[in-house]
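Chemist: Take a look at this one; I'll ask things after.
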Amino acid sequence: MKSPRINVLLPWTHNCGIMIYWLRIDKELKKYQKTNIIKNTSTASMNPFYFISLANKAKKCDLLHIQHNYNVFGSFLGKFNSTFAWLFYFLLKFPKGPKVITTLHDIVEPKHLSLLKKIYLKFMNFPVNRFSDKIIVHEANSENTLIRQGFDKNKIVRIPHGITDVEHLLSKTEARKRFNIPNKKTIMLYGWVKKIKQYEKVIDSLEYLDDVQVMILGNPLDEEYYEFLLNYVKEKNVEDKVIFRQNVNTDAIFQWLRCADIVVLPYSRITASGALSDSISAHLPIITSKIPEFAQYEKEWHVVKTADVDSPKKLADTIKNVLKNPHQLDKHLIKFIKHNNRDVIARRTKKLYEEVLNE
């Protein structure tokens, strides 16, 4: 029997989180299913012929798996995203096309949007809902958000982000020595640096914390916010307590993470967090804000501690408590990795491919 041809459309830009995520999954998936990566190298292009050509190339398969973000199908002035999503999805299916699975990596909760933005969100979502045979989300909250927005609930499938099961982890002392980081209690803020991550909340908590340092590990996705943080650290007079590191080798990311005693994710909004997944892989205690996307990890798996990040004192108290009991989450982290490692996710992905192809 001829094996099906499966293409994966992947944004292919420097240090793209979705690209890094999928390449990790694909490494495991190759053991069970061959796929062909179609590189979307000009995600912000305003040339419709680029996306026409991309659609014609991507559709030459039995099943196309699209790794979706709102800014991968053209962006007008950096404000109007998914400009050519309608065109792309339509050309996939007409006059004849493959089965389509879309993984939604960014899901927007519309209740706080203006009327105009709500209308535009529906415009961006329509081709995904209309032309996808299945839609993958990573979290239960994401599934509920899509259903409230009118997505077909029978199309939605939840497959977790996936965790790397790292075999050999450095000790904190070894990691700090390797990267020339002072050997003291370290709070890690890790991932793309952007405003919704609210790193200033952790900087504020330093007023109530002794003998600790903060490491901000990641490249700026928002240059203005990064500059704000640099100035904020100076204003608070904590330059001796905050370390900034950019452009680290992604192949060594788990070694870098092991410099930390604790990871704090004080975000105001998130869909799926690669920083959370990598921190779990590094077997680190994690404190998060109380947003629903993080709260479910505390409720269902006990792999994070949520905190009131809007109160510097309360956040500091939670940090102190976790630093005093750094191994309280260990058994839960190990269990979570067992049930959500990338091999498990690869097998679930292959099963979904088979189901869609047989429909």
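The values are calculated or read from the model by the stated rules, or taken from the named source; none is laboratory data. This one's a predicted model, so the numbers in the text were calculated from it and none came from an experiment. Cβ: placed from backbone, ideal geometry, glycine included. Neighbour counts: every protein chain shown.
Chemist: Looking at the range 267-319, which of its residues are at pLDDT 95 or above and among the aromatic types (Phe, Trp, Tyr)?
Modeler: The one that is at pLDDT 95 or above and among the aromatic types (Phe, Trp, Tyr): TYR267.
Chemist: Can you report the number of residues in the range 325-335 which are part of a helix (DSSP H, G or I) and buried (at least 20 other Cβ atoms within 10 Å of the Cβ)?
Modeler: Here the count works out to 1.
Chemist: Is it fair to say ILE107 is hydrophobic (A, V, I, L, M, F, W, C) and closer than 20 Å to LEU146 by Cβ?
Modeler: yes
Chemist: Please pick out the residue among VAL309, VAL322 that is assigned to a loop (DSSP other than H, G, I, E, B), in contact (Cβ under 8 Å) with a residue 24 or more places away in the chain and among the hydrophobic types (A, V, I, L, M, F, W, C).
Modeler: Unique residue meeting the criteria: VAL309.
So that you can scan it fast, the table gives a plain yes or no per residue for (1) in contact with a strand residue (DSSP E or B) (Cβ under 8 Å, 6 or more places away or on another chain); (2) within 20 Å of ALA140 (Cβ to Cβ):
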| residue | (1), (2) |
| --- | --- |
| GLU298 | yes, yes |
| LEU315 | yes, no |
| ILE319 | yes, no |
| GLN328 | no, no |
| PHE336 | yes, yes |
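Chemist: Collect the residues in the range 91-133 that are of a type in the set (Ser, Thr, Tyr) and either part of a loop (DSSP other than H, G, I, E, B) or touching a Leu at 6+ places or on another chain (Cβ under 6 Å) (or both), keeping them in residue-number order.
Modeler: Across the range 91-133, the qualifying residues are SER114, SER132.
Chemist: Consider ILE270 against the criteria (1) in the same structural domain as PRO98 (by TED's automatic domain parsing); (2) touching a residue at least 60 places away in the same chain (Cβ under 8 Å): it satisfies all of them except one. Which criterion is unmet?
Modeler: (1)
Chemist: Got a sec? Which of GLU235, GLU239, GLU200, GLU207 is more than 25 Å from ASN71 (Cα to Cα), surrounded by 15 or more Cβ atoms within 10 Å (Cβ to Cβ) and among the acidic types (Asp, Glu)?
Modeler: On the way: GLU235 fails: surrounded by 15 or more Cβ atoms within 10 Å (Cβ to Cβ); GLU239 fails: surrounded by 15 or more Cβ atoms within 10 Å (Cβ to Cβ); GLU207 fails: surrounded by 15 or more Cβ atoms within 10 Å (Cβ to Cβ).
Testing whether each residue is more than 25 Å from ASN71 (Cα to Cα), surrounded by 15 or more Cβ atoms within 10 Å (Cβ to Cβ) and among the acidic types (Asp, Glu) leaves just GLU200.
Chemist: Under the condition of being of a type in the set (Ser, Thr, Tyr) and under 26 Å from the mean Cα position of the chain (by Cα), which residue from the range 144-187 is farthest from GLU28 (Cα to Cα)?
Modeler: The first filter runs over the range 144-187 and keeps only residues of a type in the set (Ser, Thr, Tyr), leaving 145, 164, 171, 173, 186.
So of that shortlist, the ones also under 26 Å from the mean Cα position of the chain (by Cα) come out as 145, 164, 171, 186.
On the way: THR145: 29, THR164: 10, SER171: 27, THR186: 32 Å.
Selected residue: THR186.
Chemist: Where the second residue is part of a helix (DSSP H, G or I) and not β-branched (Val, Ile, Thr) and the first is assigned by TED's automatic domain parsing to the domain that holds ILE216 and at pLDDT below 95 and lies in the range 245-259, which pairs have Cβ atoms under 6 Å and are six or more apart or on separate chains?
Modeler: Close Cβ pairs satisfying both conditions: VAL248/TRP256.
Chemist: Cβ-Cβ under 8 Å, sequence separation 6+ or interchain: first residue in the range 13-26 and more than 15 Å from ASN69 (Cα to Cα), partner modelled with pLDDT under 90 and among the hydrophobic types (A, V, I, L, M, F, W, C). Which pairs?
Modeler: Correct list of pairs: empty, since none qualify.
Chemist: Need pairs with beta-carbon distance below 7 Å; first residue not assigned by TED's automatic domain parsing to the domain that holds PRO292 and within the range 106-133, second among the charged types (D, E, K, R) and part of a helix (DSSP H, G or I); sequence gap 6+ or separate chains.
Modeler: PRO110/LYS118; PHE131/LYS93
Chemist: Out of (1) under 24 Å from ILE270 (Cβ atoms); (2) surrounded by fewer than 21 Cβ atoms within 10 Å (Cβ to Cβ), what's the single condition that is false for LYS320?
Modeler: Going through (1) under 24 Å from ILE270 (Cβ atoms); (2) surrounded by fewer than 21 Cβ atoms within 10 Å (Cβ to Cβ) one by one, LYS320 breaks only (1).
Chemist: With the structure loaded, tell me whether GLY17 is surrounded by fewer than 20 Cβ atoms within 10 Å (Cβ to Cβ), modelled with pLDDT under 90 and in contact with a helix residue (DSSP H, G or I) (Cβ under 7 Å, 6 or more places away or on another chain) or whether it fails that test.
Modeler: Here the answer is yes, as GLY17 does meet what is asked.
Chemist: Determine which member of the set VAL193, VAL202, VAL157, VAL212 is closer than 30 Å to VAL100 by Cα and among the hydrophobic types (A, V, I, L, M, F, W, C).
Modeler: Numbers: VAL193 fails: closer than 30 Å to VAL100 by Cα; VAL202 fails: closer than 30 Å to VAL100 by Cα; VAL212 fails: closer than 30 Å to VAL100 by Cα.
When all the criteria are applied, what remains is VAL157.
Chemist: Looking only at the range 47-74, which residues are surrounded by 14 or more Cβ atoms within 10 Å (Cβ to Cβ) and among the hydrophobic types (A, V, I, L, M, F, W, C)?
Modeler: Correct list: PHE51, ILE52, LEU54, ALA55, ALA58, CYS61, LEU63, LEU64, ILE66, VAL72, PHE73.
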